Structure formats: structure tokens, C-alpha cells
Amino acid sequence: MPASILVVEDEPAIQELVSYACGESGYEVRRADSAGAAQAAIGDRLPDLVILDWMLPDRAGIDLLRGLRADARTRELPVIMLTAKGAEGDRVAGLDAGADDYVVKPFSPRELMSRVRAVIRRRAPDKGDEPIVCGGLAIDPARHAVTFDGRPVQLGLAEFKLLRFLAAQPERVFTRRQLLDSVWGDHVFIEERTVDVHVLRLRKALAAAGAQHLVQTVRGLGYRLARAAGAAAG
Ligand code: CA
């Protein structure tokens with residue numbers, strides 16, 4: 001389940017360089033060479049992060065960014081602006097428009113990828129490869145392994161993604177719709193009650209390790225993961 005990155009860049013050499021660096025770092029890469037192509041790609045499937053060039057042939061990257069921030073579906077989409085403009089004014093304009101970070105050309109692929117990792121860690125903690133530890137719960141995405149107080153928890157793929165998403169922001173309540181969008185991807189037409197089925201399976205698997213209390217129902221709202229390791233009402 002690598003994070004997916006959309007690379008929006010019209011200069012073929014730079015698009016290739018950035019895409020290659022992202023692929024080498026283990027990300028799933030899609031490419032667009034114009035603002036229009038980027039919008040189509042985002043409309044098709046929401047990426048986890050966008051690397052966005054400032055100067056595009058059809059529209060300024062910053063205009064595309066403003067459009068993304070004005071739309072509820074893409075408001076939270078992490079964006080790193082890429083540009084040859086090093087002027088302080090552009091930097092400020094980019095960040096004001098809602099960019100998460102800003103990289104000036106020429107840049108080293110290593111520097112770009114460290115910015116990418118930092119933004120994904122900050123904005124999409126459930127998409128990184130870093131282990132998540134929460135109370136007695138330990139999730140290792142790279143090994144697809146979960147333990148509770150050292151006891152292994154056997155999970156199917158959907159339950160694993162659900163647990164990882166909840167554990168990335170413990171105590172926060174998520175609606176069924178938010179869980180569907182985040183875990184199964186938006187544009188997926190699954191009934192919200194499907195989430196309940198997977199939560200039941202997740203609880204059953206956790207119960208085998210003595211952690212059935214971790215995933216809590218918040219009546220009328222949705223679900224959350226309890227941070228505390230102690231027993232609590234499910
Ligand atoms: Ca360009």
C-alpha cells in the first residue's frame with residue numbers, strides 16, 4: 001500500500017527525474033504535464049500527495065493549487081510546489097495559497113524526497129512506512145505486522161488499513177464516510193454499513209490478543225481508536 005504521488009510537471013527531463021526519485025523511494029507515481037491533465041488525474045483518483053510545478057503550459061500551478069484548496073474533496077490534499085522562481089514573494093505566495101512545502105529548482109532528488117517524506121509524515125501519517133506505536137499496540141506497515149502487548153494480531157488487508165488509519169490519529173472520531181474515503185479510497189461506492197462489518201472483524205482479531213476495547217464506537221458519529229491500553233467499554 002505505498003502512498004501515491006501525482007507529479008505535475010511539463011518539462012520532460014524534470015518530470016522524469018522527479019518520477020524516478022518517487023518510484024525509487026517506493027511511492028506509486030502518476031504523471032501529468034499540464035494543469036488540465038492534473039485535474040483529470042485527481043478527479044479520477046485522489047493521490048496522497050501532489051508535486052506541482054509553478055509554470056505549466058495551460059495554467060499557473062498556483063491557480064490549480066487555489067482551486068484544490070477551494071474544493072472540499074481536495075482541500076486537505078498535501079501539495080509541494082516546485083519552481084524555478086526563488087524569489088521570496090513567490091515563496092510566500094505559494095505557501096499562502098496553501099502549499100505544504102516549496103522546493104526551488106535546481107534541487108537534488110534527495111532533498112525533494114526528504115521533503116516528500118516529511119509532508120507525508122505530517123499530513124498523511126497512515127501512509128508512511130514508519131511503525132505506529134499506540135499504547136500496547138504496535139503496527140509495522142513495512143512488514144504488515146501488528147502486535148498488542150507483544151502478542152501478534154492477524155488481520156486481513158482491509159482491517160489492517162482500517163486499524164492503521166485509526167491508530168495514526170488516536171482518540172480522533174471518524175465518520176463511516178471518512179473511513180470509507182480514507183481506507184477504501186474515495187469514488188468507491190460502498191455502503192457505509194460495510195465499515196461496520198470490517199470494524200467487527202477488526203475487533204474480533206484484536207480480541208484474540210486481548211485488545212477488543214481499542215476500537216470504540218461513538219454513538220451517532222463513528223469510530224475511534226482509544227489511546228489507553230487499559231480496558232474500556234467498546
Ligand atoms: Ca514548467
Helix-only [θ]222 nm of the chain, DSSP H runs n ≥ 4, -39500 (n - 2.57) each, per residue, nearest 500 = -11500 deg cm²/dmol
Percent of alpha-carbon pairs separated by more than 22 Å within segment 132-225 = 20 percent
The chain: angle of helix 193-207 to the longest principal axis, Cα-based, in degrees nearest 10 | 60 degrees
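With a Förster radius of 35 Å, plug the Cβ-Cβ distance of ARG227 and ALA40 into 1/(1 + (r/R0)^6) and report the FRET value to the nearest 0.05. All intermediate terms of the calculation are to be shown ahead of the outcome.
Working: r = 40 Å, r/R0 = 1.15.
Result of the calculation: an efficiency of 0.30.
Based on the Cβ-Cβ distance from ASP58 to ALA207, what FRET efficiency comes out when R0 is 41 Å, to the nearest 0.05? Provide the component values of the computation, followed by the final result.
Values: r = 54 Å, r/R0 = 1.32.
Step by step, r from the Cβ atoms, then E = 0.15.
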Fewest to most Cβ atoms within 10 Å: VAL29, VAL7 sort as VAL29, VAL7
Tilt relative to the chain, helix 61-70 - C-alpha long axis, 0 to 90 degrees, to 10 = 30 degrees
Computed over the chain: longest principal axis from alpha-carbon atoms vs helix 157-168 long axis, angle to nearest 10 degrees, is 80 degrees
Once the principal axes of the Cα atoms of the chain are found, what is the range along each, listed largest first in whole angstroms?
-> 55, 33, 27
As a percent rounded to 5, the proportion of antiparallel DSSP bridges among beta bridges in the chain is 50 percent
Could you give the C-alpha radius of gyration of segment 4-137 expressed as a fraction of 2.2 N^0.38 Å, taking N as the number of residues it contains?
-> 1.02
Extension gain from ARG193 to GLU11, taking 0.36 nm per residue of separation minus the Cα-Cα distance | 61.0 nm
Report the residue, chosen from SER19, SER34, SER114, that carries the largest GNM mean-square fluctuation when the chain is represented by alpha-carbon nodes joined by springs under 10 Å.
-> SER114
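Throughout, read-outs are computed from the coordinates displayed, never taken from laboratory work. Bear in mind the structure is a predicted one, so any value in this text is a computation, not a measurement. With ideal geometry, Cβ positions are generated from the backbone for all residues, glycine too; neighbour counts draw on all protein chains shown.
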